[in-house]
Amino acid sequence: MLSMIKSVPAMLVMALTAFAANSIFCRLALEKTSIDAASFTLIRLLSGAVALAIVCLMTKKNWKPSRPHPVPILALFFYMVCFSFAYIKLSAGTGALLLFGFVQITMMGVAITQGKKMSGIAWCGLICAMFGLVYLVSPGISAPEPFFAILMAIAGIAWGIYSLYGAKVTDATSSTASNFLYATLLAFLLSMFLIESAYLTVEGVMLALASGVLASGLGYAVWYRVLPLIPVTSAASLQLSVPALAAFGGIMFIGESITLRLIVSVLLIIGGIAVVIGQNR
């Protein structure tokens, strides 16, 4: 199926929409239907693993999961769990902005510790982005609840670590399929531990399946297919659209409102990161 998609712009639109859709599906499931966060995570991981495994088998008939590596598996697991539990209270736009901001800052921070040189303008952009994150979670009427904001920050850091490991593998789709399978086992153990608080509805399960198969499995497969076809800086720049898409989806499908705090934070965080990316071209 993926081989039928030839247009790079079409693949980019599909992948970025899928990334934003994860926030919409999760928030819809936890806010509008009856499903607990642990069950949502388990179904998302399991269905995503199946979807990615099918994609791998379509391109390589003798495909089998790679040997497990603890760091990416744990990073993926913590991202998935913290993402789901954070969306119990966070709006789609706020959650996506926190997630994206901490993903980018984590990757930039690792690059700096490894000797990456940054210009004065790039440092100003990074400081601006960090100030935007601080402002987003600072006390106030429209501020997100601290505990859930911290959970999404952990999700962002975990996804940043996972992305850094993913950049080192030769077949990112195959690696992600394997990591989804292994992380599913951890999610199953978590669900068993929280079995007394588990509850499911058909609508909640369907949204979790959509998040796993469409937004996660096929979304990542399309992204990894198009990634070699565009410059790295372009890929990073295009991801700036994800929080905006998630916020727009939250308005359209969940009935969320946009606050002045979110607008200012978007400008500071996305603007600051855009400056850093522009300086690193």
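Each reported figure results from applying straightforward, stated rules to the coordinates on display, with no laboratory input. Computed from a prediction, not measured in an experiment: that's the story for all the values here. Here the Cβ positions follow ideal geometry from the backbone for every residue, glycine too, while neighbour counts run over all protein chains shown.
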**Report entry** Sum of -39500 (n - 2.57) over DSSP H runs of 4+, divided by residues of the chain (222 nm, nearest 500)
**Finding:** -24000 deg cm²/dmol
Query raised in the report: Among all the aspartates and glutamates, which ones have a C-alpha under 18 Å from Lys61's C-alpha, if same-chain residues fewer than 8 places away are not counted?
Result: Asp171
**Report entry** Residue of Leu229, Leu186, Leu46 that the Gaussian network model of the chain assigns the largest fluctuation, springs spanning Cα pairs under 10 Å
**Finding:** Leu229
Report summary line: When the charge dipole of the chain is computed with +1 on Lys and Arg Cβ and -1 on Asp and Glu Cβ about the Cα centre, the Cα farthest towards its positive end, among Ser84, Leu240, Leu209, belongs to Leu240
**Report entry** Cα gyration tensor shape for the range 1-92, rounded if a/c is under 1.5, else prolate or oblate
**Finding:** oblate
Report task. Show which lysines lie in cross-link reach of Lys32 when reach means a straight Cα distance below 19 angstrom and same-chain residues fewer than eight apart are skipped. Result -> Lys89
Report task. List, in order, the whole-Hz ³J(HN,Hα) value for each residue of the range 189-198 obtained from phi through the Karplus relation with A = 6.51, B = -1.76, C = 1.60 and θ = phi - 60°; use x for Gly and Pro. Result -> 4, 4, 5, 5, 5, 9, 4, 5, 9, 7
Query raised in the report: If you take the beta carbon distance between Ala111 and Leu200 as r and set R0 to 45 Å, what does 1/(1 + (r/R0)^6) give as a FRET efficiency, to the nearest 0.05?
Result: 0.60
Report summary line: To the nearest 20 debye, the range 2-279 has a Cα-centred charge dipole, built from +1 on Lys and Arg Cβ and -1 on Asp and Glu Cβ, of 800
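Assuming a ≥ b ≥ c are the square roots of the Cα gyration tensor eigenvalues, decide whether the range 200-280 counts as rounded (a/c under 1.5), prolate (otherwise, with a/b larger than b/c) or oblate.
Oblate is the answer for the range 200-280, as a/c is 1.5 or above yet b/c matches or exceeds a/b.
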